[in-house]
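What follows is a set of notes on a single structure, which appears directly below.
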Amino acid sequence: MPDTDNIAHTGYSVTRIADLLRSEIILGKYAMGERIKISDIAARYQSSTMPVREALRTLHCERLVQIIPNKGAEVCHVDHDYVRDIYDVRGVLEAHLTETACMKMSFSAFAEIEKAQELVVEAVRNDDHQALLLHNEKLHVIIADLGGNADAKRIIKQNQNTIVMLRNHVGFQPGRFAEIVEEHRRLIEALFRRDVSTAGAVARHHAASARDDMLKCMREFEK
């Protein structure tokens, strides 16, 4: 992700401002529901307000920012129903992609998946939240790319930043890291055996477990 702490203030393009704001939002530097002042962002990046407004529109399309007429912009507040919807759709799509990937599995693809899993395990061993999020996503992207359904991948990717933003705010339940490793292990075993039905079932369970963990974390965070 871009370094937002050490920036040479020389003026930035719409894309660059959007990238920097996206990183700050995903990393939890803004609270959910917090107002984003266009004038402050423009001053920080020595830009006019127009590129900032365009950048915020980009993030609005990504569901990270809500634009309120005559009031400006704020970081989206994600409720429980939205999280359920994201994960329920994700479970169906990832199961489909995983089943398709299972039928196409090659030794080289399997080696990539195993390498990604090794990095997930290392992140868990080091209790490294950010590395876990990164390598977990990479593992699923490898499987999704092999699955090959562009629309399914687009929908999953569209919601991924929201999931990461939430995780950076609310964290994980105790024991969830170990569950992720075990669920991945079962998934990888099914892929290796080319057991399509089991691979799809494990993918659906993995998404449902992530959903339930996120909702528990959100309830505790909101107390």
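Label points 7 Å out from Cα along the Cβ direction at residue 197 and residue 168: separation in nm?
That separation, rounded to one decimal, is 4.2 nm.
Between their Cα atoms, which of 37/157; 104/216; 71/138; 29/153; 29/216; 29/223 are more than 29 Å away from each other?
Listed pairs above 29 Å: 104/216; 71/138.
Can you sort 107, 177 by how many other beta carbons sit within 10 Å, fewest first?
So the residues, fewest neighbours to most, are 107, 177.
Under the rule of at least 5 residues apart or a separate chain, name every residue whose amide H is placed under 5 Å from the amide H of residue 36.
73, 74, 75
Taking 37 °C and 0.692 mPa s as the conditions, I'd like the Stokes-Einstein D for segment 1-148 in µm²/s, using the Kirkwood hydrodynamic radius from alpha carbon pairs.
Taking Rh from Cα pairs, D becomes 184 µm²/s.
At 7 Å along the Cα-to-beta-carbon direction for both residue 39 and residue 109, put a label point, then send me their distance in nm to one decimal.
So the label points at residue 39 and residue 109 sit 5.5 nm apart.
Taking neighbour Cβ counts within 10 Å as the exposure measure, how do 62, 182, 222 sort from fewest upward?
So the ranking, lowest neighbour count to highest, is 222, 182, 62.
Using bins 5 angstrom wide from zero, how does P(r) for segment 80-221 break down, in % of all Cα pairs?
Per 5 Å bin, starting at 0, the Cα pair percentages come out as 2, 10, 21, 24, 22, 14, 6, 1, 0.
Provide the FRET efficiency to the nearest 0.05 for the residue 218-residue 151 pair, computing r from the beta carbons and using R0 = 30 Å.
The value I calculate is 0.60.
Of 153, 104, 37, how do they rank once you tally other Cβ atoms within 10 Å and put the fewest first?
So the ranking, lowest neighbour count to highest, is 104, 37, 153.
Quick note: the coordinates plus some simple rules give every number you see, no bench work behind them. Everything numeric here is computed off the predicted structure, so don't read it as measured data. So basically every Cβ, Gly included, is an ideal-geometry build from the backbone, and we count neighbours across all protein chains shown.
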